[in-house]
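Undergrad: Pasting in a structure now, in structure tokens, and then I'll have a few things to ask.
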Amino acid sequence: MRLHKRINIALVATFFLTASCEKEISMNVKPGKEELVVEATINQFSPLLNYVFITKSLDYFKPDLTLGGVDQAVVTITAGRISGQDTIFDGASTRFFNIYDVPGADTLYSGLGIDSITRNLRGIYVNPTFIGTPNVPYKLEIALADGRRVTGTTVIPEPIPIDTLKYELRGEPDDSGRVDAYLSFFWQDPPERNNYRVFVKEQFSSILLGWGAADRDYTFDDEFANGIYRSFNFFRPFKQQDTINIFMAQVGRREFQFWQLYERADNGASPFSTPIVLKSTLKGAS
């Protein structure tokens, strides 16, 4: 009888302990200040990968989660030159136009299989005739209709070519008879500091509208492997007979640090994770 009595006391104590943890809390969280968010890229490979995407930050509690693209902006990119310790932007300026205002853009971009993107997203500015030049500094200037201005500068680093590609077939065939293919590529890393981004697009077109259309992307530098013949190994396999498009881009140090922090924040996307402050490379926008 005593054992039975002790068990009852333990159950009652546990019940009250659990019940005491339940409490409804109401919080009045003020909406955050609206900020401009700009994604801009420039390269020497394809005009279709040169674009400026202007949006506004979203209110977490806003039910309408559209991206809020910004129209009616004047967007220009100006080429510059390096003179001693100074960078002078006195070269030709190129105007980028809203994708809806570029004649033939609907046909051009829909041919790449991204017509649904161009129909639904506002605030994309392009110039299909513009192509960048390596080792040339460029200045981005954005003037919004409400008077706000955004500026930023960058330099296209010298491209580093991939010289060898290898794959190894492993494992048992699947239902279609294909086996896993483990892919690696190789290149010579130069002696100076280099920062890399690798993009992978599986199947279909090898030209992307925006690097965000890639299926996989990786960011790394040569801090621990500088000036040697390097390899990049995909640990997650593809499938035999897959079509794989690989883009390896060299980026500036500021851009590398931004994307490194961005990926760290994205991988730790949790309400209880430590906040990470992204360092923008632009003035007037995030």
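The values are calculated or read from the model by the stated rules, or taken from the named source; none is laboratory data. Keep in mind that this is a model prediction, so the values were computed, not measured. All Cβ positions, glycine included, derive from the backbone under ideal geometry; neighbour counts span all protein chains shown. Please note that ligands, DNA and RNA were not included when accessible areas were found on the heavy atoms of the full protein model with its side chains. Shrake-Rupley method; radii C 1.70, N 1.55, O 1.52, S 1.80 Å.
Undergrad: Under 5 Å between amide H atoms, partner at least 5 residues away or on a different chain: which partners does residue 40 have, H built in plane at 1.01 Å?
TA: 53
Undergrad: Moving on to the next point. Can you send over the solvent-accessible area of residue 211, 1.4 Å probe, protein chains only, in Å² to the nearest 10?
TA: My reading of the accessible area for residue 211 is about 50 Å².
Undergrad: Of 166/239; 33/56; 56/139; 33/283; 139/283, which ones are farther than 19 Å apart at the Cα?
TA: 56/139
Undergrad: What FRET efficiency comes out for residue 235 versus residue 175 if R0 is 25 angstrom and r is the Cβ-Cβ distance? Round to the nearest 0.05.
TA: Working: r = 24 Å, r/R0 = 0.95.
Once rounded, the FRET efficiency stands at 0.60.
Undergrad: Please give the FRET efficiency for residue 135 paired with residue 34, using the beta carbon to beta carbon distance and R0 = 41 Å, rounded to the nearest 0.05. Intermediate results must be reported in sequence, preceding the final value.
TA: Working: r = 37 Å, r/R0 = 0.91.
With R0 = 41 Å, the Cβ-Cβ based efficiency is 0.65.
Undergrad: Using modelled amide H (1.01 Å from N, peptide plane; none on Pro or chain starts), what sits under 5 Å from the amide H of residue 194, excluding residues fewer than 5 places away?
TA: Amide H to amide H, under 5 Å and 5 or more residues apart or across chains, residue 194 pairs with 222.
Undergrad: While we're looking at this one, here's another question. Extending each Cα 7 Å along its Cβ direction at residue 168 and residue 184, get the distance between those two points in nm, one decimal.
TA: Once both label points are built, they end up 0.6 nm from each other.
Undergrad: Given R₀ = 35 Å, FRET efficiency for residue 216-residue 90 by Cβ-Cβ distance, to 0.05? Can you show the working numbers first?
TA: Numbers: r = 40 Å, r/R0 = 1.14.
So the FRET efficiency works out to roughly 0.30.
Undergrad: List the residues whose amide H sits under 5 Å from the amide H of residue 102, counting only those 5 or more places along or on another chain, with H placed 1.01 Å from N in the peptide plane.
TA: none
Undergrad: Order 124-132, 147-155 from most to least packed using the mean count of other Cβ atoms within 10 Å. Mind dumping the intermediate values first?
TA: Working: 124-132: 18.8, 147-155: 16.1.
Listed from highest to lowest mean packing, they are 124-132, 147-155.
Undergrad: Under the Karplus relation 6.51 cos²θ - 1.76 cosθ + 1.60, θ = phi - 60°, what is the ordered set of whole-Hz ³J(HN,Hα) values for the stretch 40-51, x standing for Gly and Pro?
TA: Each residue of the stretch 40-51 in turn: 10, 9, 9, 8, 9, 8, 9, x, 6, 9, 9, 7 Hz.
Undergrad: So, one more: Using label points projected 7 Å from each Cα along Cα→Cβ, tell me how many nm separate residue 158 and residue 283, to one decimal.
TA: Calculated label separation equals 3.0 nm.
Undergrad: Now a separate question. Which length gain, in nm to one decimal place, applies between residue 101 and residue 200 when the Cα-Cα distance is subtracted from 0.36 nm times their residue separation?
TA: Numbers: separation 99, 0.36 × 99 = 35.64 nm, distance 3.01 nm.
Full extension from residue 101 to residue 200 adds 32.6 nm.
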